[in-house]
Amino acid sequence: MAGLEGTDQPRQRSGAAAVRWMPSVEDELALKALDLFGDPTLGEVQLPSRPESAIAARRLTQCVVLRHWGLSAQLAEHAVLLVSELVGNAVRHTGARCFGLRMLRRRGWLRIEVRDPSRGLPCLMPVHELDTSGRGLFLVDKLSDRWGVDLLARGKTTWFEMRVADR
């Protein structure tokens, strides 16, 4: 502990005391993102169409998947990566001022949606080993169980779904 170097510290006996959860810096930032943008499990939240919004979307996803839904760290890692890819596409390719993010959970599945006002469809391109871009939908295709695009009257929703083990 800081300031107590050289001092013997009492050891916790295993199982003797309840473990107390201490939020990490990432947890704090995720909670700030929830306060700022809203809870994407309650309805679509709007984020500005800027590259830095990918950070907020990743934090929201991690917070929901790990803390709210209590799912595995690996599933959260994959979901965060895929959200980042969908948000990146919405920011880079649509010219929109904002995009929407929504997260749904039903028995055995989670679904994450990114909505934007463009009706231009994303395209799954062949990926080669040395490609430096164009891998986003390839990753979505490989890491999700299902994905797709729903055309709307104004825009589209790009989504992915992943199977989850229900307790």
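Just so you know, all these numbers are worked out from the coordinates, no wet-lab data involved. Here the structure is a predicted model, which means the values were calculated and not measured. Please note: Cβ atoms are built from the backbone with ideal geometry, for glycine as well, and neighbour counts cover all protein chains shown.
Data overview
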{"quantity": "Relative contact order (%) - segment 28-166, alpha-carbon pairs under 8 angstrom, separation at least six", "calculated": "22 percent"}
{"quantity": "Simple Cβ-charge dipole of segment 65-167, Lys/Arg +1 and Asp/Glu -1, about Cα centre, in debye nearest 20", "calculated": "520 debye"}
{"quantity": "³J(HN,Hα), Karplus 6.51/-1.76/1.60, whole Hz, each residue of segment 146-155, x for Gly, Pro", "calculated": "8, 8, x, 9, 10, 6, 10, 4, 10, x"}
